[in-house]
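First comes the structure, then the notes that go with it.
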Amino acid sequence: MQYQKTLSFSPYISDDGFNAALAKVIEPTMRGQMTLDQCIKQLNQSINKLLQQGKQQAS
């Protein structure tokens, strides 16, 4: 268990939001319908949008 580590995420995005954004791109990538670069770009855009929404709701 020495290598076990809990990852922390931003308080501005929920676990459900993150999981939904990941699920949206992971399956097409695994099926070869999207390149890894496209997957990362789209995931990054989705996460940034969710973070922006979360920050707006918090303020």
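All of the numbers you see were taken from the coordinates with simple rules; none came from a lab. These figures come from a predicted structure and were not determined experimentally. Ideal geometry is used to build each Cβ from the backbone, glycine not excepted, and the neighbour counts take in all protein chains shown.
Some notes on this structure:
- DSSP-assigned coil residues among chymotrypsin sites (Phe, Trp or Tyr not before Pro) in region 1-51, each with at most 14 further Cβ atoms within 10 Å: 3, 9
- Inter-site label distance for residue 10 and residue 58 at 7 Å from Cα along Cβ, in nm: 0.8 nm
- Over the chain, the hull volume per residue, using the convex hull of the C-alpha atoms, is 102 Å³.
- Applying both filters, DSSP loop and at most 14 other Cβ atoms within 10 Å, to the trypsin sites (Lys or Arg not before Pro) of the chain gives 5, 31.
- The relative contact order of the chain comes to 47 percent, based on Cα pairs under 8 Å that sit 6 or more residues apart.
- Computed from backbone phi, the HN-Hα couplings of region 46-56 come to 5, 5, 4, 5, 5, 5, 4, 5, x, 5, 5 Hz, rounded to whole numbers (Karplus: 6.51 cos²θ - 1.76 cosθ + 1.60, θ = phi - 60°; Gly and Pro given as x).
- Rounded to the nearest 20, the size of the Cβ-charge dipole of the chain about its Cα centre is 120 debye, with Lys and Arg at +1 and Asp and Glu at -1.
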